[in-house]
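Q: The following block contains the structure, expressed as structure tokens.
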Amino acid sequence: MSAALVRQALALVDRDSDTLGAPSSKRQPLSGVSKSRRKRKQARFTVEEARGASQPPKDVLQTNLRKLELIKKHSRVVLNERATKNIIERAVSRRPLSTPPVDPRDGATAFTEEDFQKFEAEYMQED
């Protein structure tokens, strides 16, 4: 798992981020346009860096571990054994699994055998 994915997952679980306000939708007026067309790189200061600067590393580690445990607890998926075997077989073979074709005639009919015999008898009498 990459560091970016871990940061995103931690941001989802983080309860403190709920208190932050949404950014303003109003545009700031430009206070002087520079004639330089070259774009400057903006220094990014993230929320993680701000928290890391205010907390000792041991506390940051503990909070991140607690958040990862919450993610692990809430993202647990229970699969039956057959589905698990199919997934593993598909991953090992790297080919789609062949499913046996279903015969449409195997299903139950709407008419019972007695109904069919009655219909046959009525049909033969009409001729």
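The values are calculated or read from the model by the stated rules, or taken from the named source; none is laboratory data. Just so it is clear, the model here is predicted, and its values are computed rather than measured. Glycine gets a Cβ as well: all are built from the backbone with ideal geometry, and neighbour counts include every protein chain shown.
Conditions tested, residue by residue: (1) over 22 Å from Val13 (Cβ atoms); (2) modelled with pLDDT of 85 or more; (3) surrounded by 11 or more Cβ atoms within 10 Å (Cβ to Cβ); (4) hydrophobic (A, V, I, L, M, F, W, C).
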| residue | (1), (2), (3), (4) |
| --- | --- |
| Thr46 | no, no, no, no |
| Leu65 | no, yes, no, yes |
| Leu68 | no, yes, yes, yes |
| Ser98 | yes, no, no, no |
| Asp103 | yes, no, no, no |
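Q: Same structure, new question: Has region 82-92 got at least one residue that is in contact (Cβ under 8 Å) with a residue 40 or more places away in the chain and surrounded by 10 or more Cβ atoms within 10 Å (Cβ to Cβ)?
A: Checked region 82-92: no residue is in contact (Cβ under 8 Å) with a residue 40 or more places away in the chain and surrounded by 10 or more Cβ atoms within 10 Å (Cβ to Cβ).
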